[in-house]
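For reference, the structure discussed in these notes is given below.
Readers should treat all values here as calculations from the given coordinates under stated rules, not as data from a laboratory. Just so it is clear, the model here is predicted, and its values are computed rather than measured. All Cβ positions, glycine included, derive from the backbone under ideal geometry; neighbour counts span all protein chains shown.
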Amino acid sequence: MNKKHIKLVATDLDGTFLKDDRSVSERNLKALQRLGEKNIVRVVATGRNLRKVEEVLSPDVPFDYIVFSSGAGVFNWKEKKHIFNRNITPNSTERLVTHFKQQDYNFYAFAPAPGNHRLWWHRGKTECEEFNRFFTFHDSFSEPLAENGNLENGLCQFMLIIPEDEQNFALLKEEIESQCTEIRVIRSSSPVTKGYIWVEVFHHEVSKGQGVLQVCNMLGIKPEETAGIGNDYNDLDLLGFTGHSYLTQNAPPPLKRFFTLVPSNEEDAFAHTVQPLLQ
């Protein structure tokens with residue numbers, strides 16, 4: 001990494017910046033502080049919604065911006081101010097709700113960002129332990145989807161949960177994306193239980209890379225002046241955008257041949273990666 005040219009560092013949270021117990025290591029915290037002293041912008045790029053970010057990052061953790069919900073929103077962490085949101089339109093929302101209910105899928109529908117910690121759920125014909133497990137973490141903000149499925153303000157995203165199977169995911173992705181041109185499907189390995197894929201549906205302009213681009217455009221930073229660190233499939237858009245991209249050792253094996261590898265999240269991947277910038 002050419003330390004003279006890096007002006008922004010973006011990191012995923014779960015499995016990358018955070019340890020497995022969701023804590024922040026002292027070494028990573030010190031690295032963040034040092035980056036700030038060198039006027040390097042510090043960005044989180046996470047699949048978590050903003051409320052879920054606040055559950056694992058205390059207000060004094062010195063990030064500058066939070067790209068949350070895989071890029072559906074951008075939040076100024078210091079000033080506590082929303083900067084950008086991108087949601088699925090009501091027409092596409094209605095079409096997808098109708099399709100998912102006709103197929104009788106288990107799915108979640110999340111309110112428009114930035115209030116997308118609120119969600120509705122539909123329990124389909126096939127029992128899914130991971131679907132039930134996810135529900136228990138969000139039951140205070142969730143309610144069953146009404147029979148008419150009428151969500152007049154659109155949605156931030158949908159999420160379906162399936163057992164880990166590459167072929168089934170590819171088929172489901174193709175099926176969902178054929179319903180309307182406005183959306184795209186991304187995958188994420190479940191951070192709750194191994195062996196499941198979270199199938200996430202967003203507006204087609206939503207990605208972690210696009211979220212970081214919003215910050216870069218606002219600050220006049222070029223992509224080649226950025227570095228990104230991730231650990232999973234839903235980080236590919238981030239790592240495809242940043243000029244210098246790194247993948248942790250705890251990442252899925254199929255991804256490891258595409259990026260420079262750094263130690264695992266349990267071994268302070270973030271601090272290790274940015275160390276050249278701190279010298």
By counting other Cβ atoms within 10 Å of each Cβ, how are 20, 12 ranked from fewest to most?
20, 12
On a full-extension model of 0.36 nm per residue, what is the gain between residue 135 and residue 30, subtracting their alpha-carbon distance, rounded to one decimal in nm?
34.3 nm
Looking at the P(r) of the stretch 54-117, how many percent of alpha-carbon pairs lie beyond 17 Å?
53
Could you state the principal axis extents of the C-alpha atoms in the stretch 144-279, from the largest down, to the nearest angstrom?
59, 37, 25
Return P(r) of the stretch 174-241 (all Cα-Cα pairs; 5 Å bins starting at 0; whole %; ordered from short to long distances).
3, 15, 21, 20, 18, 13, 7, 3, 0
Expected max-MSF residue from 215, 43, 192 in the GNM of the chain (alpha carbon, under 10 Å) is 192
Using a Förster distance of 22 Å, the FRET efficiency for residue 166-residue 103 (Cβ separation, nearest 0.05):
0.65
May I ask you to sort 89, 46, 136 by Cβ crowding, counting other Cβ atoms within 10 Å and putting the fewest first?
136, 89, 46
Note down, for the stretch 87-167, the three equivalent ellipsoid semi-axes (square root of 5 times each alpha carbon gyration tensor eigenvalue), biggest first, whole angstrom.
19, 15, 12
Using +1 at the C-beta of Lys and Arg and -1 at the C-beta of Asp and Glu, which of 195, 135, 124 has the Cα lying farthest in the positive direction of the dipole of the stretch 90-203?
135
Percent RCO, i.e. relative contact order, over the chain, from Cα pairs under 8 Å lying at least 6 residues apart:
23
Can you list, largest first and rounded to whole Å, the semi-axes you get for the chain by taking the square root of 5 times each eigenvalue of its Cα gyration tensor?
32, 19, 17
Place a point 7 Å from the Cα of residue 20 in the direction of its beta carbon; the residues of the stretch 153-176 whose amide N falls under 15 Å from it are none
Simple Cβ-charge dipole of the chain, Lys/Arg +1 and Asp/Glu -1, about Cα centre, in debye nearest 20
1000
If you place +1 on the Cβ of every Lys and Arg and -1 on the Cβ of every Asp and Glu, how big does the dipole about the Cα centre of the stretch 90-203 come out, in debye to the nearest 20?
160
